[in-house]
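This report concerns only the one structure given below.
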Amino acid sequence: MVKLDVNGRAHEIDVDPDTPLLWVLREQLGMTGTKYGCGVAQCGACTVHVDGQVTRSCQLPVGSVSGKVLTIEGLSPDSSHPVQAAWLAHQVPQCGYCQSGQIMAAVALLNEKPQPTNDDINEAMTNICRCGTYQRIRVAIHSVAGGKA
Amino acid sequence: MGVVNRRRFLATAVGGGFTLAWALPGGVMEAVAQTAPGTPLTPASAGGTPVGIWVVIKPDDTTVIRIARSEMGQGTLTGLAQLVADELGADWKKVTTEYVPPEANQANKRAWGEMLTGGSQGIRQSVDYVRQGGAAARTMLEQAAAAQWGVAPSECRGHEGAVTHAASGKRLRYGQLAEAAGKLPVPRDVALKAPGDWTIIGKPLPRLDTVEKTNGAAVYAIDVALPGMLLAAVAQCPVFGGKLAGFDAPAVQGMPGVRHVLPVGDNAVAVVADTWWQAKTALEKLPVTWDEGPGAQENSKAIAARLAEGLDATTAAVGNQAGDAPGVLAKAKRTVTATYGAPFLNHATLEPMNCTAKMDGDRLEVWVGTQNGDATLAAAAEASGVPLDRVRVNKYLLGGGFGRRGQQDYTRQAVLLAKQIPGRPVKLIWSREEDMQHGYYRPITQCKLTAALDDAGNVDALHVRISGQSILAYLAPNRLNNGVDMAQFQGLIPAEFGYNAIPNLLIDHAMRNTAVPVGFWRGVNHNQNAVYVECFIDELAAVAGRDPLEFRRAMLAKSPKHLAVLNAAAERAGWGTPPPSGVFRGICQNCGFGSFTAAVAEVSVSKAGDLKILRIVAATNPGYVVNPDQVTAQVEGSFTYGMSALLYSENTVEGGRVVESNFDSYQVARMADTPKIETVLAPTGGFWGGVGEPTIAVAAPAVLNAIYAATGKRIRTLPLKNADLSHA
């Protein structure tokens, strides 16, 4: 049995500890907001936080996770987190598939650097968006930093 | 074949994979009825009353607008709803949407028209009949109110979700009228609003699908969960055209969670397990032998040589011709020649291909993201052997489409698996590696351009020879026109080409096919055709010693819409004013998917060759703009998709298989690559053009021309990762 704390809730899961956290979230826990895109930590669709650290969950064996996991579903009870609100205000998503990961990456960035520069954003936001919403993501992050979300 | 017909052919041809339908736009219009057995189709409209076929209204005024096309990020769900809602006189705050199930469309003689979502035609090819649907419903609501009040319908007005009678001040909400209105005959040919009367069309309204895309609640096909569902991982023969020769199922059957190891058609094998991770883990351990077949001989070097031969071949299909280009070129004093090329490209939708299917007796149900619900229904029925009327297709949001999800291969695979495991839903998910190696790639082409300049530096003759693979020859050879694939001439046919004033013109295509499957990749053939023409025009301007903008302006004198959008981009970019030190500009234009686009790029390139794209000004004239904010989003996104192809993306072939396997070897544009993108909306009205693709065509040439301005180097082969931009 693997013990896992996700969004403040404790789970005991009967799963091979080598299974990536991503697939445990999606398959054992049914939390499908976190997405599979590449499986090799390249695209960031699977981004979650572990003890506040931005983490690509597709390559993280669940058995190695001892910290608290935060997923998109746990970010706010009503989509009201300032980053979510900024995403809505700036109409960021297109297909939307990457956006859970983008939002989790942006939250981590803003937690670490409340006033990120463009270079900070370039460095931290390496998640792939095939629809090409990068410009709006940048604007939305700046709007949160400026308290205008 | 006249210009208009050719263009219609093209607009239809670029759409995507068709199994059921191949109707010209005019044919579609006629086929679309405004009546059909109008029972609510999905839980979203349960409890409501259909008023006509496009609108369901509930007692609480919730207004469900039915959408036949697919939402893959391009905003068509919201745009189509705006078109219907405006004519309906809806209260936008009450508007929601539901997909028309493909089987309902099929059972009702395709009353909801074309489901295909490709070729940037979701809105422009259905605008008239969906507006008609909204107008018919409003008329029915007005008639119902008039009957209740005993007044003439002409005295009643449906507006903002209610019918009012001005003389008496009476008012009834649509939710109060729907039940009576739904019983009335559906009127035909209701007058539509003039553009000046639009209140919802043309407004930058927020999308209807954003909230669930910010909290993880949006459900894509990959997220589908069903009772008793099994998960499947699949491996298809890595060599194109190869077959499955055998596999050693017992080697993995004892692995955790594994339930079945099964063939999928004649070229793939799947492991079916309790979870996808278990299935994938077992599949990687499964010994498989392939019959690679003759496709194993194919490789990038051989393909390049085959295409190069086509550049000078004596036989080629003509797409655009005037005067005597070969004759003038043969005698010209001053000629310029250049050869360009563009590689195969995978769509790389971020959601890999997947489909869930369940066979239950003689019934089949699938859960899938598709750009063509009609074709998915047909393909699922065909693969299962079940009659069409016993198949259900549940459409989901697409985690990207870009043309890839117009194909039905992944749906067929899921159905073939489900047939072998009756009674259990099976969700088939491709790994990224599987997705990368089994695409319908953007076709590889090369292009040789030759021009004659007269003494004044004007282009007297131009020959554009494209050599390369044909999409239709692979996907639908029966739709070739006497062996010619007219879609290869996107942007170059008379109706789209801006430079028809060139007195001697020849644009032709030598079809040189390969063993690699090809398909419709966002922007399709405009992508490379615009690079070829717009970079070469830039070369000619330089040889003639003319400013690239002025040179184009003179050549576009007979193409006022091309010229206007070019001017709009140039003006916003400040062309003619000096750019900041170290910054260089490039410009280009294109016409495609019914819209006119132009772009100016500003770049810097260090001596060592490090490129920075600093600013893009992208202008577009799509005729009418349904939602300015969403059109802007599509311009931004199109530029970025085109930028991936410009900078990084390339699929190569060795041993008959694609070399690249994931986003480490197939890089795409990311945040750090993204410049400031300024969108200039320059709509003239008067026509409905597409917006999901047109801007892609101008992304690469604008940047390439700016790179020339910065470095003096002409980069003629994409992507730029292979080019050396260092300069003195």
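Just one of the listed residues (A:50, A:65) is buried (at least 18 other Cβ atoms within 10 Å of the Cβ), more than 19 Å from residue A:112 (Cβ to Cβ) and away from chain B (no Cβ under 11 Å), and it is A:65. Summed over region B:584-613, residues that are small (Gly, Ala, Ser), over 30 Å from residue B:122 (Cβ atoms) and assigned to a strand (DSSP E or B) total 2.
The numbered conditions (1) out of contact with any helix residue (DSSP H, G or I) (no Cβ under 6 Å at 6 or more places or on another chain); (2) surrounded by 21 or more Cβ atoms within 10 Å (Cβ to Cβ) are all true for residue A:40 except (2). Would you confirm whether any residue within region B:252-267 is touching a residue at least 60 places away in the same chain (Cβ under 8 Å) and closer than 19 Å to residue B:435 by Cα? Yes, region B:252-267 contains a residue that is touching a residue at least 60 places away in the same chain (Cβ under 8 Å) and closer than 19 Å to residue B:435 by Cα.
No other residue among B:637, B:655 is touching a residue at least 24 places away in the same chain (Cβ under 8 Å) and crowded, with 19+ Cβ neighbours inside 10 Å apart from B:637. Of the residues making up region B:678-726, those that are touching a strand residue (DSSP E or B) at 6+ places or on another chain (Cβ under 6 Å), of a type in the set (A, V, I, L, M) and under 30 Å from residue B:196 (Cα atoms) are B:680, B:682.
Residue by residue through region B:492-512, note down the ones that are touching a His at 6+ places or on another chain (Cβ under 7 Å) and part of a strand (DSSP E or B). Residue satisfying the conditions is B:506 alone.
Taking region B:476-491, which residues are surrounded by fewer than 24 Cβ atoms within 10 Å (Cβ to Cβ), part of a loop (DSSP other than H, G, I, E, B) and not polar (S, T, N, Q)? B:476, B:480, B:483, listed by residue number. Among the candidates B:490, B:446, B:469, B:420, the residue that is outside the structural domain of residue B:665 (by TED's automatic domain parsing), touching a residue at least 12 places away in the same chain (Cβ under 8 Å) and among the polar types (S, T, N, Q) is uniquely B:420. The residues of region B:221-254 that are surrounded by fewer than 21 Cβ atoms within 10 Å (Cβ to Cβ), under 32 Å from the mean Cα position of the chain (by Cα) and within 14 Å of chain A (Cβ to nearest Cβ), listed by number, are B:224, B:225, B:226, B:229. The selection criterion, being within 14 Å of another protein chain (Cβ to nearest Cβ) and either acidic (Asp, Glu) or in a strand (DSSP E or B) (or both), does not hold for residue B:309.
Those residues that are touching a helix residue (DSSP H, G or I) at 6+ places or on another chain (Cβ under 7 Å) and surrounded by fewer than 21 Cβ atoms within 10 Å (Cβ to Cβ), I need them from region B:417-438; list them, please.
If the condition is that a residue be touching a helix residue (DSSP H, G or I) at 6+ places or on another chain (Cβ under 7 Å) and surrounded by fewer than 21 Cβ atoms within 10 Å (Cβ to Cβ), then B:419 is the only one that fits.
What's the number of the only condition in (1) facing chain B (nearest Cβ under 10 Å); (2) at pLDDT below 95 that residue A:149 fails to meet? Checking residue A:149 against (1) facing chain B (nearest Cβ under 10 Å); (2) at pLDDT below 95, the one that fails is (1).
Residues that are at positive phi number at least 3 in none of the strands (runs of 3 or more DSSP E) confined to region B:133-174. Note on region A:1-109: enclosed strands (runs of 3 or more DSSP E) holding 1 or more residues that are more than 28 Å from residue B:672 (Cα to Cα) are A:2-6, A:9-13, A:68-70.
Among the residues in region B:691-706, are any surrounded by fewer than 24 Cβ atoms within 10 Å (Cβ to Cβ), in contact (Cβ under 8 Å) with a residue 24 or more places away in the chain and not in a loop (DSSP other than H, G, I, E, B)?
No: region B:691-706 contains no residue that is surrounded by fewer than 24 Cβ atoms within 10 Å (Cβ to Cβ), in contact (Cβ under 8 Å) with a residue 24 or more places away in the chain and not in a loop (DSSP other than H, G, I, E, B).
Residues checked against (1) crowded, with 24+ Cβ neighbours inside 10 Å; (2) at pLDDT below 95; (3) in the same structural domain as residue B:592 (by TED's automatic domain parsing); (4) under 26 Å from the mean Cα position of the chain (by Cα):
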{"residue": "B:90", "(1), (2), (3), (4)": "yes, no, no, no"}
{"residue": "B:93", "(1), (2), (3), (4)": "no, no, no, no"}
{"residue": "B:97", "(1), (2), (3), (4)": "no, no, no, yes"}
{"residue": "B:102", "(1), (2), (3), (4)": "yes, no, no, yes"}
{"residue": "B:108", "(1), (2), (3), (4)": "no, yes, no, no"}
{"residue": "B:133", "(1), (2), (3), (4)": "yes, no, no, yes"}
{"residue": "B:136", "(1), (2), (3), (4)": "yes, no, no, no"}
{"residue": "B:140", "(1), (2), (3), (4)": "yes, no, no, no"}
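Quick one: would you say residue A:71 is of a type in the set (Val, Ile, Thr), at the interface with chain B (Cβ under 9 Å from one of its Cβ atoms) and in contact (Cβ under 8 Å) with a residue 60 or more places away in the chain? Here the answer is yes, as residue A:71 does meet what is asked.
The values are calculated or read from the model by the stated rules, or taken from the named source; none is laboratory data. These numbers come from a predicted model, not from an experiment. Positions of Cβ are backbone-derived with ideal geometry, glycine not excepted, and every protein chain shown enters the neighbour counts.
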